[in-house]
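For reference, the structure discussed in these notes is given below.
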Amino acid sequence: MLLQLWGLLYSSCVRFWLKWVVRLLTGKCELQRVLHGQKEGARRTLGIEHSLGSSKNKVLRNALHVDEAEVEKCVKDVMKEKKIEQKDIRFKTNLHISLLQITGYKKLYLNVENLRKVPYDSDNEEHEEQLIELWNLLMPHENLKARITKQWCDIGFQGDDPKTDFRGMGLLGLVNLVYFSKHYTNEARQILSRSNHPKLGYSYAIVGINLTEMAYSLLKSGDLKPHLYNVVSGLPQMEHFHQFYCYLVYEFDKFWFEEEPESIMHFNQYREKFHEKIKGLLLDYDAVLTLGDKKKP
């Protein structure tokens, strides 16, 4: 109760006077201090996001909700509102970058969400082509005997028709699996091989789809902001989401074998432990979680 009361008092009164005093002492508003005092990336953009969101000024608050095409005008409006000279190129450039990152993050989430909502359709030729491509990438020396076959279990699906396994994450789950297999083919094949371990094995494709859900939930909650704000100086794209997914797949496999679970029956327990580990890493404003040039041993 006391903490809630202090939070309300701080946000409604103390913060305003504190900002006023600091501006009086430094000659700079909060936005100027953040944009000039923090290096490019999450520290700066999260600071700007907090400052704009906490402002009582409608123009500043609305800056968090502009579209990409409106960012340039929005920067000018903010500078006018805060009485900052338009010739302050450093302020203008840095604010422009931060606003692009903020609006880009929201747009990326919408794009990911839209793809997640697309159900896998076995009558859709493009969907079927992607599924066959996944098989060919992972099992180049073995041909599918039929579209519906127990062979799908060899790459970690639950039954003879993978479409039923995509219900939770829709087409997003398949796109992620194909992306990792296409861009990190050797790593994907090695992880698939390790997933067949007689004691520590797991269902490769099912776990991959599960990790899609993890990446999606981290994006939705905003936990992924530090990583994306550090990796992308501008608008985050779907490519950056896929790259983060690749990191999760690689790191989860390593985590799983380091932990040596007694049985796959304990998957949810270790999945949650891994989830908490990733969330902990993302608390670091300097977080950069990319697979990059790593190679599987």
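Read the figures in this text as sums done on the coordinates, not as results from a lab. Note that the structure is predicted; figures quoted are calculated from it, not measured. Note that we place each Cβ from the backbone using ideal geometry, even for glycine, and neighbour counts take in every protein chain shown.
See the values below:
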{"item": "Contour minus Cα-Cα distance for Asn62 and Ala146 (0.36 nm per residue)", "result": "24.8 nm"}
{"item": "Dipole in debye (nearest 20) - the stretch 179-228, about Cα centre, beta carbon charges: Lys, Arg +1; Asp, Glu -1", "result": "120 debye"}
{"item": "For the chain, size of Cβ-based charge dipole, Lys and Arg +1, Asp and Glu -1, in debye", "result": "1840 debye"}
{"item": "Rg to Rh quotient for the chain, alpha carbon positions, Kirkwood Rh", "result": "1.07"}
{"item": "Highest to lowest packing among 121-133, 278-290, scored as the average C-beta count within 10 Å", "result": "278-290, 121-133"}
{"item": "FRET E, pair Ser54, Ser217, Förster distance 25 Å, beta-carbon r, rounded to 0.05", "result": "0.45"}
{"item": "The chain: DSSP helices with Cα axial extent of at least 18 Å and average Kyte-Doolittle hydropathy no lower than -0.5", "result": "89-116, 170-183, 204-221, 238-259"}
{"item": "Thr93-Asn186 FRET efficiency (beta carbon distance; Förster radius 45 Å; 0.05 resolution)", "result": "0.65"}
{"item": "Selected from Val178, Leu134, Gly53, residue furthest toward positive end of dipole (the chain; charges at beta carbon)", "result": "Gly53"}
{"item": "Candidate lysines - alpha carbon under 21 Å from Lys254, same-chain residues fewer than 8 apart omitted", "result": "Lys182, Lys199, Lys273, Lys277, Lys279, Lys294, Lys295, Lys296"}
{"item": "Alpha-carbon centroid distance for the pair the stretch 240-292 / the stretch 26-95, whole angstrom", "result": "34 Å"}
{"item": "Theoretical gain in end-to-end length, Glu113 to Gln237 [0.36 nm per residue, Cα-Cα removed]", "result": "43.3 nm"}
{"item": "Net charge, Lys76 excluded, C-beta distance under 14 Å - Lys, Arg +1, Asp, Glu -1", "result": "0"}
{"item": "Förster-model FRET efficiency, 30 Å R0, Ser263 and Glu125, C-beta, rounded to 0.05", "result": "0.15"}
